Each structure stands twice: as structure tokens, then as C-alpha cells.
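The values are calculated or read from the model by the stated rules, or taken from the named source; none is laboratory data. Because the structure is a prediction, the values reported are computed rather than measured. Glycine also receives a Cβ, built like all others from the backbone with ideal geometry; neighbour counts cover every protein chain displayed.
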């Protein structure tokens with residue numbers, strides 16, 4: 001991970017305070033357990049390594065860690081598994097579309113969405129693949145004008161996340 005001295009490094013607690021719906025001590029502690037779980041499952045990269053030892057804080061880069069953690073938290077509210085979340089994290093961190101969706105959502109001028117869809121094996125019920133699509137409000141209008149929607153028709157389940165709304169909520173917490 002590249003880091004420059006002008007970038008802020010965050011602790012686990014910093015991230016939990018920024019993304020937690022419940023700002024009580026108990027709510028922050030619960031969110032810290034979630035962030036720790038995501039880190040251990042390689043959904044959130046650390047600057048300092050994920051196995052820090054007792055008394056040594058886990059450090060994260062400011063961007064895009066808070067944004068990704070907030071989106072993961074939103075996805076977890078609907079019961080998405082780590083396997084499904086991993087696909088979203090990879091898309092957010094490794095693709096231009098993911099970067100652009102987060103950037104657009106940060107401006108609060110464009111409503112950006114992520115659709116996370118997955119399939120399940122009809123015999124075992126296990127997830128067998130996930131797909132992530134990013135789009136904005138203007139693309140939705142264009143689809144509607146054609147009488148269609150940008151949905152994965154082959155998926156078993158799908159969650160649509162309004163990334164702009166998630167970022168708006170998080171930045172209110174983070175700026176306090």
C-alpha cells in the first residue's frame with residue numbers, strides 16, 4: 001500500500017466511529033468487531049498489517065477505507081456473507097468503475113449505486129458467484145426510457161446500495 005506523510009492513518013476505532021449507526025460506546029464496540037472481522041477476512045486492507053499483537057493498533061489509510069467499510073456495513077445489514085462482500089470490495093478497490101462510483105458519491109452531486117447480485121446452487125444453497133455493477137441516476141433514467149432496468153436477470157439475490165446516501169451519512173459522523 002502506498003502512503004505519503006500528508007495522508008491520515010486511522011485506527012480501528014476511528015473507522016468504527018465514522019461508520020457506526022449507533023454512536024453509543026456499545027454501538028462503536030459492535031462496529032469495531034465488524035471492522036476487525038472484515039480485516040481478518042481481507043475485505044479491508046491495513047497499512048500496518050492485520051496481525052498487530054496486543055497493544056499495537058491496526059492502522060488503515062483514510063481513503064478509501066472508510067468509504068469501503070461504510071458500504072460493507074450497509075451490505076451486512078441485509079445479511080450478505082463475506083464471500084459476497086469480497087466481490088464488492090475487489091470491485092471498489094481494483095476497478096476504475098469502483099473508484100468512480102466512490103468519487104461520484106463523495107461529491108453528493110450524482111447519485112451513485114452499486115448492485116451486488118449473486119447466484120446460489122439450487123441443490124446446496126451455497127453461493128456460486130457474485131456480480132457487481134455500478135451505475136448512476138442518469139443511467140437509470142436512460143434504462144427507464146428504454147423500458148428496461150440495469151438488473152442482473154440471472155441472479156438468485158440482489159442488493160442495490162445507494163452509495164451517495166451511505167457516504168452522506170458517514171461524512172456527517174466523520175466530520176463531528
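No other residue among 14, 42 is at pLDDT 85 or above, loosely packed, with under 14 Cβ neighbours inside 10 Å and farther than 28 Å from residue 137 by Cα apart from 42. Residues of the range 131-176 that are in contact with a helix residue (DSSP H, G or I) (Cβ under 7 Å, 6 or more places away or on another chain), modelled with pLDDT under 85 and under 19 Å from residue 91 (Cα atoms): 150 alone. Taking the range 45-56 as the range and being in contact with a helix residue (DSSP H, G or I) (Cβ under 8 Å, 6 or more places away or on another chain) and at pLDDT 70 or above as the test, the residues that pass are 45, 46. For the range 98-111, a residue qualifies if it is under 14 Å from the mean Cα position of the chain (by Cα) and surrounded by fewer than 20 Cβ atoms within 10 Å (Cβ to Cβ), and the qualifying residues are 99, 100, 103, 106.
Screening 95, 81 for residues that are surrounded by fewer than 21 Cβ atoms within 10 Å (Cβ to Cβ) and either touching a helix residue (DSSP H, G or I) at 6+ places or on another chain (Cβ under 6 Å) or at pLDDT 90 or above (or both) leaves exactly one candidate, 95. Against the test of being closer than 25 Å to residue 10 by Cα and in contact with a helix residue (DSSP H, G or I) (Cβ under 6 Å, 6 or more places away or on another chain), the options 74, 63 yield a single qualifying residue, 74.
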